[in-house]
1. Check residue 334 against each of (1) within 18 Å of residue 375 (Cα to Cα); (2) touching a helix residue (DSSP H, G or I) at 6+ places or on another chain (Cβ under 8 Å); (3) modelled with pLDDT of 95 or more and name the one condition it does not meet.
2. Please go through segment 402-422 and give me each residue that is outside any helix (DSSP H, G or I) and surrounded by fewer than 21 Cβ atoms within 10 Å (Cβ to Cβ), ordered by number.
3. Residues in segment 15-35: is at least one surrounded by fewer than 19 Cβ atoms within 10 Å (Cβ to Cβ), modelled with pLDDT of 95 or more and more than 23 Å from residue 140 (Cα to Cα)?
4. Given (1) in a strand (DSSP E or B); (2) in contact (Cβ under 8 Å) with a residue 60 or more places away in the chain; (3) more than 27 Å from residue 6 (Cα to Cα), identify the lone condition not met by residue 390.
5. Consider only pairs whose beta carbons are under 8 Å apart and that are at least six residues apart or on different chains; among these, list those whose first residue lies in segment 405-432 and is at positive phi and whose second residue is in a loop (DSSP other than H, G, I, E, B) and crowded, with 19+ Cβ neighbours inside 10 Å.
6. Is segment 186-197 home to any residue that is touching a helix residue (DSSP H, G or I) at 6+ places or on another chain (Cβ under 7 Å), under 17 Å from residue 90 (Cα atoms) and crowded, with 20+ Cβ neighbours inside 10 Å?
7. Scan segment 299-317 and give yes if some residue there is touching a strand residue (DSSP E or B) at 6+ places or on another chain (Cβ under 8 Å), closer than 30 Å to residue 199 by Cα, in contact (Cβ under 8 Å) with a residue 24 or more places away in the chain and surrounded by fewer than 16 Cβ atoms within 10 Å (Cβ to Cβ), otherwise no.
8. Being closer than 26 Å to residue 115 by Cα and surrounded by 23 or more Cβ atoms within 10 Å (Cβ to Cβ) is the filter; apply it to segment 349-386 and report the residue that is modelled with the lowest pLDDT.
């Protein structure tokens with residue numbers, strides 16, 4: 001049966017995670033983004049729910065970028081029967097080779113730990129997918145050049161447009177029989193520390209735009225001064241600065257800032273550790289693809305010389321036992337998993353130490369709780385008192401705030417027929433809707449989970 005050209009919102013509604021958009025037209029189906037749900041339990045549980053479509057019926061998958069909330073469900077989609085092409089930029093493909101196997105490994109490790117400590121409600125705890133599953137799905141990836149139309153099944157075309165944020169991040173414009181819809185993906189900053197600003201979008205009939213910071217502006221602070229102040233204060237106490245950071249984007253950004261501060265003697269020459277296998281590999285890709293960001297080869301070389309890379313579990317355990325002043329950067333950025341949890345358990349209890357989060361913290365995550373003043377934090381089934389100094393430097397965010405996104409959208413040649421606001425908490429999405437309505441005079445709505453809109 002032929003379907004009208006339509007979009008269904010399967011993720012990133014009322015939350016910033018789980019991005020998935022199902023495009024149906026004629027007898028064809030395309031999925032734009034395939035992310036994991038993260039954060040509060042009733043949102044995470046959607047990862048285990050049945051999809052509102054058969055994975056085997058998809059004709060193509062397109063990725064805006066590599067972050068797990070946009071790509072992390074791909075191995076599960078493969079397990080459910082999708083074996084077709086996954087189209088994305090070359091840098092996104094390179095980063096997914098790092099992120100997805102690591103995500104599978106963490107799924108397995110979390111399941112093992114839950115079974116060992118018996119804190120899972122399921123017996124036995126099972127991973128959503130394995131590291132092996134993740135490696136298998138990588139064979140389905142196909143690189144797409146920026147700014148060139150590609151043909152998809154059934155007469156659909158797609159174009160990938162750079163939008164800053166992280167390496168390879170794209171907006172995706174789809175066109176079918178003269179009607180177009182563009183997905184913003186995650187939109188970067190106008191004056192990002194390392195990434196170029198997002199390129200203006202071409203004309204589109206419909207627009208799906210993110211709203212991570214739809215209800216707020218980034219702090220007007222000098223991020224270098226804030227980081228220097230926290231590092232110096234902590235070092236004087238003999239403490240350790242722990243920076244939970246996204247392995248892709250934020251980790252490389254903060255390494256650049258730290259190298260600059262050290263070179264200017266604005267912070268002590270204390271050891272800087274990068275303790276995340278995923279972040280280490282992503283940093284290597286960052287060095288290789290220096291034409292996609294603002295740092296040149298010399299900048300990358302200086303960062304490399306400063307950084308101690310913690311690669312093995314044994315090295316990580318040894319690092320966790322050290323007590324001298326140092327800086328540890330570890331994933332994940334919201335303290336929702338990864339090696340950072342082991343450091344957090346050790347460091348959060350001591351007032352000498354500082355925990356510096358580096359951007360958006362989704363509702364329900366440990367990072368969200370701690371940055372809102374939680375007196376204790378639950379890690380691996382146990383509660384730990386929060387005695388360390390806790391900060392969140394949102395000025396280092398790789399997402400544009402609502403003013404930056406409005407500035408970006410104003411550059412479009414013509415206003416869309418309708419805008420769909422997604423990828424934000426409910427209050428942020430609705431605030432962005434009002435901004436588009438009042439500032440630009442655009443017709444905007446906030447779709448709900450599983451809503452469908454016909455595109456005419």
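1. (3)
2. 410, 411, 412, 413, 414, 415, 417, 418
3. Yes; the residues of segment 15-35 include at least one that is surrounded by fewer than 19 Cβ atoms within 10 Å (Cβ to Cβ), modelled with pLDDT of 95 or more and more than 23 Å from residue 140 (Cα to Cα).
4. Status for residue 390: all satisfied but (2).
5. 423/12; 423/16; 423/19; 423/186; 423/211; 423/212
6. So far as segment 186-197 goes, no, none of its residues is touching a helix residue (DSSP H, G or I) at 6+ places or on another chain (Cβ under 7 Å), under 17 Å from residue 90 (Cα atoms) and crowded, with 20+ Cβ neighbours inside 10 Å.
7. Checked segment 299-317: no residue is touching a strand residue (DSSP E or B) at 6+ places or on another chain (Cβ under 8 Å), closer than 30 Å to residue 199 by Cα, in contact (Cβ under 8 Å) with a residue 24 or more places away in the chain and surrounded by fewer than 16 Cβ atoms within 10 Å (Cβ to Cβ).
8. For segment 349-386, the residue satisfying everything is 365.
The values are calculated or read from the model by the stated rules, or taken from the named source; none is laboratory data. Please read all numbers here as calculations on a predicted model, not as lab measurements. With ideal geometry, Cβ positions are generated from the backbone for all residues, glycine too; neighbour counts draw on all protein chains shown.
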